[in-house]
Amino acid sequence: MKSDDHDRPSGPGSFSGPLPEYHSPAQDAWVAEQRRVRAGERGRRLRRGTGVGAVVVAGAAVLGVALWPAEGDGAEAVPPGPAHSRSGSAAPAPHSVPPDPHRTVAVPPLHVATPAETPPALAEALRRPLVDMERSFPEELVRTDGATYRRVDRQLLGAGTPLQRSILMTPELSAVVAQGGPCDRQSDALYIDTDSRTQIQVSVLTFERPEDAVRAREAAAADPLTYWALPMPSGRMLDVPDPREGAHEQVTTVRSVILAKGRWTDGSRADAALAARTQAVLAHVEDAVTAFEDPTGRL
């Protein structure tokens, strides 16, 4: 078999550099859709600003994949409603008391369809190492338009087994994670603004496969009171009797899902101001994770 070098033309005006990267129409369409959805997610977060604890609920196409409840398997797949509507009314909380992380639960199977062809940019990104705590939360001080936050706590733990996940996330989110491939790690950080009015915990769940991050994100977007990360074991996150008093935001990067939960330190109910603060810190972490997972910016 001849090598590529032997097959190339030679002589004046011939091309002697590396062969150009081939992109099929399907691969180009996948990348274009991913960029469109990611831009739409950020645009919705920046435009919203209304509604109590507003939740980003994306469409079926996220990162170029589709997610739907599986039929059969003895489970009635009834999608849970969002925790908060756009009008600002709050749905009843599914847990009157904090859930027991050691109990086992059954959740409807969620299937994720992947593109038939993996774009070269995605294949290159997946060859990179997994994002770690230092890369996810690189700065101790985070300055946004509305406030300045100090990172007061952070942790990096494995999330590959149910026992490991029991201190990191609710049993329902753990069950959703178990439906896919490995969730290698979870990084968490707690931010408090310099006026001590707001606490925001940001959790980065990193998977080997991008579609598993999408699965976790869609579950969290549909019902953040059920499918979410638990407060960090350090206990520095204030506990409130009603989980609806927090603002929930979520987004996917290349292979991670980022969950952010904000609370007023005086125990007030979530409002547009808290949602905006939570979105701003989430965007900061999203930029850091994306810069590591996709340094070329091709996705």
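Annotation: extensible slack from residue 130 through residue 195 equals 20.0 nm (criterion: 0.36 nm per residue apart, minus Cα-Cα distance). A straight chain from residue 272 to residue 141 at 0.36 nm per residue would run longer than the Cα-Cα distance by 44.9 nm. Annotation: per residue accessible area for segment 98-198 equals 50 Å², rounded to a whole number [probe 1.4 Å, protein chains only].
Here segment 117-207 was treated as a single set of alpha-carbon atoms; its pair distances binned every 10 Å from 0 give 15, 36, 30, 17, 1 percent.
Pop out the carbon and sulfur fraction of the accessible area of segment 176-265 as a percent, whole number, probe 1.4 Å. Please report the intermediate quantities before stating the final value.
Details: 1040 of 2370 Å².
Of the solvent-accessible surface of segment 176-265, carbon and sulfur hold 44 percent.
Across segment 169-195, the residues whose backbone nitrogen lies under 19 Å from the label position 7 Å along the beta-carbon direction of residue 111 are 176-181.
The values are calculated or read from the model by the stated rules, or taken from the named source; none is laboratory data. Source: prediction; values computed, not measured. As a convention, Cβ positions derive from the backbone with ideal geometry for all residues, glycine included, and neighbour counts pool all protein chains shown. The protein model used for the area step is the full one, side chains on, heavy atoms only, and it has no ligands, DNA or RNA in it. Shrake-Rupley method; radii C 1.70, N 1.55, O 1.52, S 1.80 Å.
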